[in-house]
Amino acid sequence: MAGCSRTGLDVPSCADGGVVPVCYDEAGPPQGLEVLFTQPEPTLPCDIVTYETSPSLVVDPSNAYWMTPFAACGDNSGLQAPPRVSSVIMRTSLCGRGSAVVAAPFTAEPSSPFAVDPTALYEIDDQGTIARASLAGGCSTSFVTGHFPLSLALDATNLYWTDREAETVMKLPLSGGLPTPLSQPLGNTLFGLAVDDAGAYTELWTVALERLPLGGGDATPLVQTPYPVTVDEIVTVGGNVYWTSWNDSSTPTSYFLSTVPETGGTPLVLSNDPAYGFATDGASVYWTESTCGTYAPGCPGALKKMSAGGGTPVTLTTGWTYNGPAAVAVDATSVYWTSGNTLLRFTPK
């Protein structure tokens, strides 16, 4: 691992302060599995606790950036009420020393994505503002106000977001200025967002997966959805678009991990596993799930892998506890994912 001095398997020290790390017996965790950071799951004084988690997990050569889950007391309708535990964005060293620091000095919006570039972190805060915080530390600043952002994406020069009120994707130079829409209003709420050189990709809710030109213009439908489908996450790699979605009008709920060329065509459903979060390197697709059923916490979790062109899924490891839907990321050698308040890594991918 670049920048790390590693001999064998690093495990956190039980003397580390400020966190409650995992300590292993002599047998250790399954081969290739590491816990980079963990702390107790949030507990609240109520019978029904609802949890939300962000789909974002960003890995650079030295660190992983991830979000702790939001937890709140609720009722049978799912309504949330105080007391609650807010989400925060954490930074954990890839050297795996069992500690983490708060990466940004603002309270994150529950379950919202965030984005990281080489110098700053961008997040939709709990007031609906897109805030920016330097990775070097210091106070955060309001970068975008007066809009209704839902999803975020970055390229080298611009920040993009789906806007609930404008009903399109907005673009703002990282150097500042005025936001501009990439299209006319599309007439519905947009879910998920990914950007590459060919365009911005988002889902027009229950209608179609769309591509918008980065310079502005008409949206191009890539995939029509003939039934109510909600997209959770979109990724573009190597000229292809990948996304997870679910259809709750079916009984039981149907889940899809799919791909289509960024120029459009016939979509390929890679898996019907409930893969809330996933990652791809263009050669393979990776996701996590509970071995006890859809999003069932407290059971052994499974990290799965499949060829990006389709095939039979392979289980890489089950030696960890599933504590809710996960964010997933990959680098050249490893797969990283969250499970509640735990960040894990599996090598080799």
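The values are calculated or read from the model by the stated rules, or taken from the named source; none is laboratory data. All of these numbers come straight from a predicted model, not from anything done at the bench. Counting neighbours? That spans all protein chains shown, and the Cβs are built from the backbone with ideal geometry, glycine included.
If you take the residues in region 163-206 that are surrounded by fewer than 16 Cβ atoms within 10 Å (Cβ to Cβ) and acidic (Asp, Glu), which one is modelled with the lowest pLDDT?
GLU165
Only residues that are more than 23 Å from TRP246 (Cα to Cα), of a type outside the set (Lys, Arg) and in contact with a Leu (Cβ under 7 Å, 6 or more places away or on another chain): list them for region 171-211, please.
LEU172, LEU174, PRO179, LEU182, SER183, GLY199
Do you know which of the residues in region 40-60 that are surrounded by 17 or more Cβ atoms within 10 Å (Cβ to Cβ) and among the polar types (S, T, N, Q) is modelled with the highest pLDDT?
Residue satisfying both the conditions and the ranking: SER56.
Please work out which one of (1) at pLDDT 90 or above; (2) not in a strand (DSSP E or B) is the condition VAL285 fails and give its number.
Here VAL285 meets the rest and fails (2).
Need pairs with beta-carbon distance below 6 Å; first residue closer than 16 Å to LEU94 by Cα and touching a residue at least 12 places away in the same chain (Cβ under 8 Å) and within region 48-69, second among the acidic types (Asp, Glu) and surrounded by fewer than 23 Cβ atoms within 10 Å (Cβ to Cβ); sequence gap 6+ or separate chains.
Partner pairs satisfying both residue conditions: VAL59/ASP331.
Which ones in region 44-71 are of a type in the set (Gly, Ala, Ser) and more than 20 Å from the chain's Cα centre (by Cα)?
none
For every residue, the table says whether it meets (1) in a loop (DSSP other than H, G, I, E, B); (2) modelled with pLDDT of 90 or more.
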| residue | (1), (2) |
| --- | --- |
| ARG211 | no, yes |
| GLY216 | yes, yes |
| ASP232 | no, no |
| SER249 | yes, no |
| TYR255 | no, no |
| GLY264 | yes, no |
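Conditions tested, residue by residue: (1) within 25 Å of LEU193 (Cα to Cα); (2) surrounded by fewer than 23 Cβ atoms within 10 Å (Cβ to Cβ); (3) in contact (Cβ under 8 Å) with a residue 60 or more places away in the chain.
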| site | (1), (2), (3) |
| --- | --- |
| ASN247 | yes, yes, no |
| TYR286 | yes, no, yes |
| GLY309 | yes, yes, no |
| THR312 | no, yes, no |
| ALA326 | yes, no, yes |
| ALA332 | yes, yes, no |
| TYR336 | yes, no, yes |
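Specify the residue that is modelled with the highest pLDDT; the eligible residues are those in region 288-300 that are touching a Ser or Thr at 6+ places or on another chain (Cβ under 9 Å) and surrounded by 14 or more Cβ atoms within 10 Å (Cβ to Cβ).
Looking at residues that are touching a Ser or Thr at 6+ places or on another chain (Cβ under 9 Å) and surrounded by 14 or more Cβ atoms within 10 Å (Cβ to Cβ), I get THR288.
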